[in-house]
1. Are any residues in segment 46-69 at positive phi and either at pLDDT 95 or above or within 12 Å of the chain's Cα centre (by Cα) (or both), and if so, which ones?
2. Are there any pairs, at least 6 apart or on different chains, whose C-beta atoms fall under 9 Å, with the first in segment 90-107 and over 20 Å from residue 57 (Cβ atoms) and within 15 Å of the ligand (Cβ to nearest atom) and the second modelled with pLDDT under 95 and in a strand (DSSP E or B), and if so, which?
3. Going by the conditions given, is residue 7 part of a strand (DSSP E or B), under 17 Å from residue 141 (Cβ atoms) and either within 16 Å of the ligand (Cβ to nearest atom) or modelled with pLDDT under 95 (or both)?
4. Given the conditions (1) in a helix (DSSP H, G or I); (2) under 19 Å from residue 45 (Cα atoms); (3) within 16 Å of the ligand (Cβ to nearest atom), and given that residue 145 satisfies all but one, which numbered condition is not satisfied?
5. Being surrounded by fewer than 17 Cβ atoms within 10 Å (Cβ to Cβ) and within 15 Å of residue 78 (Cβ to Cβ) is the filter here; which residues of segment 14-30 pass it?
6. From the list 71, 85, pick out the single residue that is out of contact with any helix residue (DSSP H, G or I) (no Cβ under 8 Å at 6 or more places or on another chain) and touching a residue at least 12 places away in the same chain (Cβ under 8 Å).
7. What are the pairs with Cβ atoms under 8 angstrom where one residue, in segment 18-39, is at positive phi and the other, located anywhere, is more than 10 Å from the ligand (Cβ to nearest atom) and not in a loop (DSSP other than H, G, I, E, B)? Sequence gap at least six, or different chains.
8. Considering (1) farther than 21 Å from residue 128 by Cα; (2) within 16 Å of the ligand (Cβ to nearest atom); (3) in contact with a helix residue (DSSP H, G or I) (Cβ under 7 Å, 6 or more places away or on another chain), say which one residue 61 fails and leave the rest.
Ligand code: DQA
């Protein structure tokens, strides 16, 4: 485990609109409420949270690259970029720690183009369809992966 107590949580495009956006897929919890839940869960593991949301692909790449060397692990929902961003996939692959990819909705039960998961190919674990709880499970998984204690 890296000598760091920080995890990086990254949200991609339009996830700032959580709470209002297509609530049948993404629920009614806002991003701020989600962040509070993330911080509470992270604190149970003794983690601090570096949280970034961006609609811009290059900023997401930069956030992943900046997490290298400073963060224990990354939880990322690349949103629409999940389906086609090689740049984000490459940044995830280059990160020197565990990466867990989260999707709030049941991506496999929606439009066929959402079955094409590019960035997930560089994730150590993948959670989809668990709603925003997926982020909280992702933090537990990250902790297990970082400590190498997974069963
Ligand atoms: C999403 C699923 C993506 O297909 C979509 O483009 C999103 C959100 C999810 O969390 O379920 O923006 O990543």
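The values are calculated or read from the model by the stated rules, or taken from the named source; none is laboratory data. Quick caveat, the model's predicted, so the values are computed rather than measured. Heads up, the Cβs are rebuilt from the backbone with ideal geometry, glycines too, and the neighbour counts pull from every protein chain shown.
1. Matches in segment 46-69: 46 only.
2. Sorted first by the residue in segment 90-107, then by its partner, the list stays empty.
3. No; evaluated as a whole, the condition is false for this residue.
4. (3) is the only condition that residue 145 fails.
5. 14, 16 - these are the residues of segment 14-30 that are surrounded by fewer than 17 Cβ atoms within 10 Å (Cβ to Cβ) and within 15 Å of residue 78 (Cβ to Cβ).
6. 71
7. Between residues of segment 18-39 that are at positive phi and residues that are more than 10 Å from the ligand (Cβ to nearest atom) and not in a loop (DSSP other than H, G, I, E, B), the close pairs are 19/31; 19/33.
8. Of (1) farther than 21 Å from residue 128 by Cα; (2) within 16 Å of the ligand (Cβ to nearest atom); (3) in contact with a helix residue (DSSP H, G or I) (Cβ under 7 Å, 6 or more places away or on another chain), only one is false for residue 61: (2).
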